[in-house]
Amino acid sequence: MGFAVLSLGFFVYGFSGHFASAGKVSFWWMITGYGFQSLGELLISGLGLAVIARYVGPSLRGFIMGVWFLASGISQYLGATSLRSRACPRTVTNPADTLPLYTNLFTKLGIVAVIGTVIAAALIPTMKKLSAVSEGPWEEGA
């Protein structure tokens, strides 16, 4: 669910280019896209930590949550690096010239998020099996 909402935010940014005037889009497109992305991130982060709390024993739970946050930080760094490599040259200042570059980039990011949604949906049966196995409460010594 979180990946689907996140992908919707990216697609809003990509689609907004069709309504641009002189290379600029309404700020409502940005607010809508940012709202979907924020909601998707909240769903992904909350669900990820809930899965860790459910499936990881107490002795490793804090460590694995730290790994989750470390992976999140690394992914944010890689995202910034990826965007920097796709940025327009500083000499290009006309919004009409930069709009197709960024709308194309956001559409591609939306497709990647849809792929993440499909992978997450494919893992649902495996997670249900794991959930059935781990029905009992964790014991400290286990």
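The set of residues in segment 1-45 being among the β-branched types (Val, Ile, Thr) and at pLDDT 90 or above consists of VAL5, VAL12, VAL25, ILE31, THR32.
Given the condition farther than 17 Å from ALA96 by Cβ and open to solvent by less than 20 Å² (accessible area, probe 1.4 Å), answer yes or no: does some residue in segment 20-33 qualify?
Yes, segment 20-33 contains a residue that is farther than 17 Å from ALA96 by Cβ and open to solvent by less than 20 Å² (accessible area, probe 1.4 Å).
Of ALA121, ALA132, ALA113, all but one fail to be under 24 Å from LEU47 (Cα atoms) and exposed (fewer than 12 other Cβ atoms within 10 Å of the Cβ); the exception is ALA132.
Taking the conditions (1) open to solvent by less than 70 Å² (accessible area, probe 1.4 Å); (2) under 20 Å from the mean Cα position of the chain (by Cα); (3) among the hydroxyl-bearing types (Ser, Thr, Tyr) in turn, TYR55 satisfies each one other than (2). Scan segment 65-84 for residues that are more than 23 Å from LEU105 (Cα to Cα) and open to solvent by less than 50 Å² (accessible area, probe 1.4 Å) and the total you get is 1. Does at least one position in segment 18-30 carry a residue that is under 25 Å from LYS128 (Cβ atoms), over 22 Å from the mean Cα position of the chain (by Cα) and assigned to a loop (DSSP other than H, G, I, E, B)? No: segment 18-30 contains no residue that is under 25 Å from LYS128 (Cβ atoms), over 22 Å from the mean Cα position of the chain (by Cα) and assigned to a loop (DSSP other than H, G, I, E, B).
The values are calculated or read from the model by the stated rules, or taken from the named source; none is laboratory data. It should be emphasised that the depicted structure is a prediction, and the values quoted were computed from it without experimental measurement. Here Cβ is always computed from backbone atoms with ideal geometry, including for glycine, and neighbour counts include all displayed protein chains. For accessibility, only protein heavy atoms count, side chains too; no ligands or nucleic acids. Shrake-Rupley method; radii C 1.70, N 1.55, O 1.52, S 1.80 Å.
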